[in-house]
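The values are calculated or read from the model by the stated rules, or taken from the named source; none is laboratory data. Bear in mind that the values here come from a model prediction, so they are computed numbers and not experimental data. Virtual Cβ from ideal backbone geometry, glycine too; neighbours counted across all protein chains shown.
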Amino acid sequence: MAETSSLAPVGCAGMTLKQGGSLFRPPQGLQPSEEVLWVQQSETRNRGKSGVVSMMLIGSLFLASGLYYNILPILGIGILIIIGGIFVGYQSKTQGGVRYYLTNFRFVKSNHGRIVTELPRRMFRGKSFQQFLSVFKAPLQRGTVEMYAVQVLNPDTGNMAMNLGLLPGEIVKRLESINEEVYCKYCGRKNDSNANVCSNCGANL
Ligand SMILES: [Zn+2]
């Protein structure tokens, strides 16, 4: 389950906190006044872990009965399933570290705590949400919650920059309005979208 039901600030640069049972660690390289507003964790890791465990168990069962009854095909199936489990384990290890963050300054894709892609917020200003978000209604629901497949596009090129996966409708609505938000790059304060100077420190926006 993604821990994404609200968009209240969950932490800022340099701090570590417990969130939904998993330790929240912001990616390296955030600025001191940068606030993390939203985190999307890749679900590959957890899914991968339980998948690997069950594949190893089933594989060993086949392997054991193949050995016990001396039936080669069953032994072979067991070995194949175990190899598959190792492959899935490897995949979730290399891809399980991907996380997406929305901060008051930028959209960030990180892998194992390091920023690999970022889109500064000023790129979204004055753009319509169709220019920076690709949203498709998913054919499945989580309970009564409608889910959407969401990608963040580079508004200048239209290319996909980040694949956020499935998100509930309320989060999508919130992401669609990030073009209307202006944050001061010096103190981090949220300002009116038509303001010219920061209401907190007076800096030019
Ligand atoms: Zn300011």
Discussion item. Which condition from (1) aliphatic (A, V, I, L, M); (2) touching a residue at least 60 places away in the same chain (Cβ under 8 Å); (3) within 16 Å of the ligand (Cβ to nearest atom) is the one that Met162 breaks?
Written reply: (3)
Item to complete: Only residues that are at negative phi, over 25 Å from the mean Cα position of the chain (by Cα) and among the polar types (S, T, N, Q): list them for segment 55-95, please.
Response: Ser60, Ser65
Response to the item:
Among residues of segment 177-205 being in contact (Cβ under 8 Å) with a residue 24 or more places away in the chain and among the β-branched types (Val, Ile, Thr), the residue nearest to the ligand (Cβ to nearest atom) is Val182
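Look at Phe124 and say whether it is out of contact with any Phe, Trp or Tyr (no Cβ under 7 Å at 6 or more places or on another chain), surrounded by 13 or more Cβ atoms within 10 Å (Cβ to Cβ) and within 29 Å of Gly29 (Cα to Cα).
no
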Practice prompt. Could you please tell me which pairs satisfy a Cβ distance under 6 Å, a separation of 6+ or placement on different chains, a first residue in segment 86-98 that is hydroxyl-bearing (Ser, Thr, Tyr), and a second residue that is surrounded by 13 or more Cβ atoms within 10 Å (Cβ to Cβ)?
Written response: Ser92/Thr44; Ser92/Arg45; Ser92/Gly48
Worksheet entry | Check on Ser134, modelled with pLDDT of 90 or more and farther than 23 Å from Tyr100 by Cβ | no
Practice prompt. Exactly one condition in (1) at pLDDT 90 or above; (2) in contact with a Lys or Arg (Cβ under 6 Å, 6 or more places away or on another chain) is not met by Gly96; state its number.
Written response: (1)
